[in-house]
1. When you scan segment 328-360, how many residues do you find that are without any contact (Cβ under 8 Å) to a residue 24 or more places away in the chain and surrounded by fewer than 20 Cβ atoms within 10 Å (Cβ to Cβ)?
2. Taking strands (runs of 3 or more DSSP E) that fall entirely within segment 395-472, which contain at least 2 residues that are within 18 Å of Gly76 (Cβ to Cβ) and at pLDDT 95 or above?
3. Can you tell me which residue in segment 260-270 is nearest to the chain's Cα centre (by Cα), limited to those that are crowded, with 18+ Cβ neighbours inside 10 Å and either polar (S, T, N, Q) or assigned to a loop (DSSP other than H, G, I, E, B) (or both)?
4. Could you look through segment 285-327, keep only residues that are touching a Leu at 6+ places or on another chain (Cβ under 6 Å) and not in a helix (DSSP H, G or I), and pick out the one that is surrounded by the most Cβ atoms within 10 Å (Cβ to Cβ)?
5. For Ser159, state whether it is free of Cβ contacts under 8 Å to residues at least 40 places away in the same chain and over 20 Å from Asp266 (Cβ atoms).
6. Has segment 221-229 got at least one residue that is among the small types (Gly, Ala, Ser), within 20 Å of Gly264 (Cα to Cα) and either part of a loop (DSSP other than H, G, I, E, B) or in contact with a Pro (Cβ under 8 Å, 6 or more places away or on another chain) (or both)?
7. State all residues of segment 447-474 that are touching an Asp or Glu at 6+ places or on another chain (Cβ under 8 Å) and surrounded by fewer than 18 Cβ atoms within 10 Å (Cβ to Cβ); if no residue qualifies, say none.
8. Where residues in segment 214-233 are hydrophobic (A, V, I, L, M, F, W, C) and surrounded by fewer than 19 Cβ atoms within 10 Å (Cβ to Cβ), which of them is farthest from Phe309 (Cα to Cα)?
Amino acid sequence: MRRPDRHSRVLRAVMGAALATAACGQAEDPTNVSVTLDPTVSHQTLEGFGAATAYLPNLLSGRTDDIFQVLFVDSGLDILRLGNWYQNQSSTGATPDTPFSDSAQVQIVQKAAAARGGTPPKILMSAWTPPAYLKSNGVTRPPWGEAGQTVPAGTLSQSGGSYAYAEYADWWVRALQAYAAQGVVPDYVSIQNEPDFFTRHWETCLFGAREGASMEGITVAGYGQALDAVYRAIQSSDLASPPMLLGPETTGFLGGVVQRYTDGFDLAQVGGIAHHLYGTTEDNPNPDWFNGSMRSVGAAAATVGLPTFMTEYSPNVPTMFDTAWLMSNALTVESVSAYIWWELVWSPTPPTGLVTIESPSPDSAYTINDTYYALKHFARWTDPGWVRVDATSSAGSVRVSAFVSPDGGSLTLVLLNTDGKEHLVAVSPGGFSYGSQAVYRSSGDSERTAQVAPDSEGNIVLPPRSIATVTYAP
């Protein structure tokens with residue numbers, strides 16, 4: 001049962017203090033904040049939160065300890081992003097007959113499913129490059145160093161003046177069949193990770209927003225034509241569970257790059273608009289710096305009736321609070337349906353994974369990093385299918401987002417105090433009926449998603465730069 005008397009008392013106390021100080025000619029008490037929920041106003045439906053093991057999967061695949069419980073159960077993670085490494089794990093030498101060899105990611109999916117009681121997380125599969133035999137430069141990744149400078153950037157190969165779209169689509173279908181034979185069945189597919197970006201440091205393949213565009217000194221294949229070919233090949237295949245296509249998964253979303261790509265393909269062929277957040281040289285940019293582009297992409301997606309997916313981001317020097325702040329903005333400013341961190345696990349240098357693993361040895365130590373808790377604040381107490389609902393704060397320094405379960409019985413509120421001083425938050429649940437409330441907070445150097453009690457007046461105490469998840473259950 002809902003307890004309106006307590007919440008009404010708290011709100012009256014907050015408003016009474018504000019009115020009293022105003023009557024005396026003083027400024028309103030800045031420490032008291034009221035948050036109001038309106039569960040009747042709905043926004044986007046969540047697909048979930050996740051992270052990737054596309055690189056360095058051997059850090060995780062051989063382990064038999066409790067780390068899969070930590071990563072795939074305790075965190076609440078919903079989505080695992082994998083790389084499509086079918087026939088492209090070597091720089092050269094692959095043929096259409098090269099056998100499947102991506103055992104590390106298969107083991108991760110199997111162990112994640114076991115930790116989750118037999119059900120794997122949702123799978124997003126992205127390709128970093130097709131095999132060398134489908135590349136214009138003949139390699140998946142140019143070699144590093146001086147010798148590598150003679151190898152140009154790569155796009156799809158050509159035959160008779162036409163790009164190998166059909167062969168690329170055939171490779172994608174064969175890849176999905178090969179992974180399915182190993183028990184890995186993607187829910188979502190992005191045909192190319194960052195089609196607008198080339199580097200010699202890892203595998204890439206350039207696709208332009210239009211065919212024939214010039215990028216990195218070469219003329220490139222068109223993303224729209226490649227997407228169309230893959231879409232049609234999947235639809236005509238014998239795949240038991242065809243994936244939903246996402247695109248264009250550009251490196252970032254500044255300057256309208258996402259819209260330039262979406263203008264070049266058939267939006268009816270995708271189930272969501274995907275992008276990353278890179279584009280600044282700052283090690284840990286202010287989360288609000290992204291808001292303009294978030295609004296632009298969110299509005300464009302809403303116009304065509306598609307959800308948005310933020311499928312990769314990790315700054316050079318991430319912090320727990322700024323990670324949660326950026327997630328909150330993505331959810332409320334852009335209205336993303338999914339938010340996927342880059343490194344689920346990573347090596348100690350740099351320590352940017354949700355979890356750091358010392359070495360590929362199955363017995364090596366692991367460390368849960370602060371960014372893990374930023375994701376947990378959103379993921380642990382929501383699930384795919386939950387819907388974001390209206391939540392407003394009386395103070396701009398306290399950011400809020402709220403989500404209701406599909407059956408309407410549970411509600412989760414996430415609060416962030418971006419200020420340098422403590423705030424006391426009184427929540428009006430807007431007529432939402434509940435039987436129990438719990439508060440999980442992260443603050444300071446050591447408090448991490450710890451369950452805490454409201455103060456004697458029923459306020460939720462938010463220390464400076466803290467995060468609190470408040471759950472309302474039947």
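1. The total comes to 4.
2. Qualifying strands (runs of 3 or more DSSP E): 398-404, 411-417, 436-443, 447-452.
3. Step by step, filter segment 260-270, then rank; the result is Val270.
4. Within segment 285-327, the match that is surrounded by the most Cβ atoms within 10 Å (Cβ to Cβ) is Phe309.
5. yes
6. No, segment 221-229 contains no residue that is among the small types (Gly, Ala, Ser), within 20 Å of Gly264 (Cα to Cα) and either part of a loop (DSSP other than H, G, I, E, B) or in contact with a Pro (Cβ under 8 Å, 6 or more places away or on another chain) (or both).
7. Passing the criteria: Pro463, Pro464.
8. Out of the qualifying residues, it is Ile218.
The values are calculated or read from the model by the stated rules, or taken from the named source; none is laboratory data. Not measured: the values here are computed from a predicted model. Note that each Cβ is placed from the backbone with ideal geometry, even for glycine, and that neighbours are counted across all protein chains shown.
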